[in-house]
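Only the coordinates and a few stated rules stand behind these numbers; no lab work does. None of these values were measured; they are calculated from a predicted model. Please note: Cβ atoms are built from the backbone with ideal geometry, for glycine as well, and neighbour counts cover all protein chains shown.
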Amino acid sequence: MSLFQVHIPILDEIKAKGLKKALRDKADDVVTRVTAGLSIADVRSVLRDDPPGRPNPRLKPHAEGFWLHMKPTYYHRLVDGLYPTFRLGWLSTFFFAFEIITGVYLMIYYTPSPLVAYENMLDILSNVPFGRLMRDMHRLGAELMVIVVALHMLRTYVTGSYKKPRQFTWATGVILLGATLFLSFSGYLLPWDQLSLWAVTIGASMAEAAPPEVVGKTLNLLLRGGPEIGANGLLRFYLLHVVALPLAGIVALGVHYYKVVLHGHSLPPGVEKTGEDTARRVPMDRRVYFMPTILTRELWYVSALTALLVIVSAFWFHAPLEPHADPQVTPLHTTAPWYFLWLQGMLKLGDKVIWGVIVPTALGGLLLFVPYLEVGPSRRYGDRRVGLSVGALAVGGLAILSYMGSPWYAVTTSPDQEAVARLLPQTRPGPLRLAPWEELNYGSYEARAWQQAPTPTLSRLLRIFDEELARVEGPDRLDAEGVMVIEDWQAGLKKVTLRVLWTKPGDLAVVREGGEPVTGERDLAVQFFSDADCTSAVGPQVALAGVGIQKGLFSVSLDLSAEGIPQEQARWVSVAVGEAALGCAPVPAEEAGTALLQNGTRSEFSQTTYLHRSSNYGQGE
Amino acid sequence: MTEAVADAPAEALASPPLSRREFLYYLWGGSMAVFLAGSGGVTLWFALPRFREGEFGGVFHLSVEEVPPPDSSPREFAAGRFWLINIGGRTMEDPRQPKDYPLQPGIRALFKVCTHLGCLYKWVPTNDRFECPCHGSKFLKAGARIDGPARRNLDTFMVEAVDAEGRVLARTEPSMDSQEGSPLDLPPGAVTLRVDTGRRILGAPNSKPGGGR
């Protein structure tokens, strides 16, 4: 019979203790197991912030549980405030977790293929419920993580917390900084927009510059997955972004965290004797226990920060998306992500092997070995004048280099193109594409007459255009004019053409009267000379009556032999309009005895775009 | 061994002799290191992309009518990733041309990619030069670098002039003084140009401010 007897321990307990007590004991048992050491009474005492008993049961989860063994059981009161940590290390960890979670969500709708990646982005932005929010949060978190990690490193440097015995902790931190930067950078390629393609092309070309040549070539091929970035390259960057770099980050983070707990949080520089490290010897009365003080506070931080990120992404921060990647066009004003602008600035300085490979590698190495270079035992600010000055110089240098990396340094193109790019930039939607569609009335508008524009939007756009035209004006570009033409192209589609016109003066000065270019019919007197000073005349003076002049420009073709002018000697020419002589210039293009006299040419630069009624640019930036 | 240590505790501080077991462990460790190095090499080999050398470098056939007239703006051939330029008298007299790279008249096919870091430079007519939007390298129409971080002139492709019967009348020849290919002087009778994008001729070194060797 006993063969069929089922032994249920709880029944025995109920038999022995009665139902109520047995169940209560069981519940207590379960809670103790889940919390790795805290009974229900202990948990309640934590929540009520009662003083802990002796021995302190709240230390048990740190010793026995996996999650809390990574957290110190108590902190020194001096590192519990905002200073000296500013919670930056904690924030870095928070953002790392935040990025993993939002990233995994995005992976559900993303395929790393040039054929569909951009389409996936549009789908995430417009079709997937909360897709846009998720992308914005992922991007916002990434940017903030870079800031927070960099500030964390700066703070550690300033307080000298990387000094003995924490040198190795600092080294793992440098690796984490690298992982953060490259995680962020590798994520840039994934949307497969213009920014992606060209930022990564530059990055891979820098790798290619690594000496010796065989190493550079191999590195480049490994990164790009072929001679050009294409399907293989995108897949490789995707794998780096979602597997290799996060894995490296997690490993480095584990070591980093372990070392932090092992050595304790370094105290503020002034409170210890020079060369001493008392972080591990915290007097009883100065301890702040993880449970409950720090634990509840961190839970509060997580919820508040997450709420903040959700709200900011929902209302204000929107991750930009540039036009689809085009391997045939590098957009004007292409820049590296802001945290690599310093590198772009350095690359403008000269040789790519020096500035793109050797110097960045040396700087990385320097950063890694800082604790072994600045070996002075004191962490006090007053004793570290050299170290802190070097740090300040480095920050200043980075700021200057970052400015040099921006489009405003050494890459500005001709002012006519810059003027159009101000309204119609190639790297972001810009004012024209973001303008309300309905307010772009059909017609042709002069930038100068922005005040007469029919709608406020047009007036605003034309005013920007007019401001830029002032920059076009110069000795080589006279009478700059800007025209915006808006046409009804198709149902729901407007064609917008931006034209910049200017006069390029020829060798004969432009005809002006009272500051204004001459327009209308005038009489010209032409005289040819054989010398550059226009003193020895050749042949008779030619009078041309009623030459049409448009905005100071004229163009006359003269048959030299018909006018009785010896062709070989007529090397220079002077022209007079009425009383005003236009100077002496070499005889321009000659063809079979004909001289073409021009005092300038009207030049033009124009760009066209098409705006669709339902394009969601308006919400895109 | 243990007995020997027990007998002479003073000597325990000195390092004990290499035992067979310890030696074999070192041997094993060494072989693991060799194995890992080999695996690393194989991983690199595995990850190296496979493609045909010069995959994009096809041969492009153009009619001579497509060649821009001398001294006119360069003409873009997007499919072949090159600009066709025609050096004439005015281009040769350009005062910005660095003296280290004397010009000859003729046709050149310039590879569209900047010699700095792989962006595509573009023709800016107002400034009468090529400009790279990424780091601001500037090149003259004939391909000489005059400004910016690029460290060599623009790369060119081999161009051949072919007549109606398919005979090659002239081709880009290496010119020893500048290391660059000579411009192709279009011979009479030529009907087709062949641009071989698989045969890229690297631009000559050029690193001085304003251009120069």
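In plain terms, the chain from A:T594 to A:T293 could stretch by 98.9 nm, reckoned as 0.36 nm per residue minus the Cα-Cα distance. When only alpha carbons are used to place a centre, the stretch A:182-205 and the stretch A:456-528 end up 39 Å from one another.
Rounded to 0.05, the FRET efficiency of the A:D488 and A:V214 pair, given R0 = 45 Å and the Cβ-Cβ distance, is 0.15. Ellipticity at 222 nm from helices only: DSSP H runs of n ≥ 4 in chain A, each -39500 (n - 2.57), divided by the residue count, give -14000 deg cm²/dmol. Counting Cβ atoms of other protein chains within 10 Å of each residue's Cβ and taking the mean over peptide B:142-149 gives 2. Protection proxy ranking of A:78-87, A:226-235, by the mean of other Cβ atoms within 10 Å over each peptide's residues and highest first, is A:226-235, A:78-87.
Averaged over the residues of A:352-360, the number of partner chain Cβ atoms lying within 10 Å of the residue Cβ comes to 2. Rounded to the nearest 10 degrees, the angle from helix A:19-34 to the longest Cα principal axis of chain A is 40 degrees.
Students often check this: by mean Cβ neighbours within 10 Å, which of A:191-198, A:303-310, A:504-511 ranks highest, and how do the rest follow?
Values: A:191-198: 24.8, A:303-310: 13.4, A:504-511: 18.0.
Packing proxy ranking, top to bottom: A:191-198, A:504-511, A:303-310.
Taking every residue in A:401-409 and counting other chain Cβ atoms within 10 Å of its Cβ, the average works out to 1.
Relative contact order for chain A: 11 percent, from Cα pairs under 8 Å spaced at least 6 residues apart, divided by residue count.
Rounded to the nearest 10 degrees, the angle from helix A:167-189 to the longest Cα principal axis of chain A is 50 degrees. Placing a label point 7 Å from the Cα of B:V64 along the Cα-to-Cβ direction, the residues of the stretch B:140-171 whose backbone N falls under 18 Å from that point are B:159-171. The value of relative contact order for the stretch B:82-152, using C-alpha pairs under 8 Å at least six residues apart, is 28 percent.
Here the mean projected area of the convex hull built on the C-alpha positions of the protein assembly as shown is 60.9 nm². Using the alpha-carbon centroid of each, what span in Å lies between the stretch B:39-108 and the stretch B:114-144? The distance from the Cα centre of the stretch B:39-108 to that of the stretch B:114-144 comes to 13 Å.
A:R512 to A:D326: FRET efficiency via 1/(1 + (r/R0)^6), r the Cβ-Cβ distance, R0 41 Å, to the nearest 0.05? Before the final figure, lay out the partial values.
Working: r = 44 Å, r/R0 = 1.06.
According to the calculation, E is roughly 0.40.
Each peptide in A:42-51, B:180-189 gets a packing score, the mean of other Cβ atoms within 10 Å over its residues, and the list from highest to lowest is B:180-189, A:42-51.
Taken as Cα centroids, the stretch A:562-576 and the stretch A:48-78 sit 101 Å apart, rounded to the nearest whole angstrom. Potential lengthening of the chain between A:L305 and A:S389 amounts to 26.8 nm, from the contour at 0.36 nm per residue minus the alpha-carbon distance.
By count of other Cβ within 10 Å, fewest leading, how are A:H333, B:H135 ordered? Each step should come with its number before you reach the end.
Numbers: A:H333 18, B:H135 27.
By the 10 Å Cβ count, ascending: A:H333, B:H135.
When restricted to Cα atoms, the stretch A:365-474 yields an Rg and a Dmax of 24.5, 74 Å, respectively.
The gain in end-to-end length when the A:L363 to A:E467 segment is fully stretched comes to 33.3 nm, 0.36 nm per residue minus the alpha carbon separation. In chain A, the longest principal axis of the Cα atoms and the axis of helix A:131-158 are about 80 degrees apart.
Summary value for the stretch A:344-425: 47 percent relative contact order, contacts being C-alpha pairs under 8 angstrom separated by 6+ residues. Could you work out the helix-only [θ] at 222 nm for chain B, with each DSSP H run of four or more residues adding -39,500 (n - 2.57) and the total divided by the number of residues, to the nearest 500 deg cm²/dmol? About -5500 deg cm²/dmol. With the simple spin-label model, which puts each label point 7 Å out from Cα in the Cβ direction, the A:V31 to A:K273 separation comes to 4.7 nm. Under a 5 Å amide H cut-off, with hydrogens placed 1.01 Å from N, B:I201 pairs with B:T156, B:F157, B:M158 among residues at least 5 apart or on other chains.
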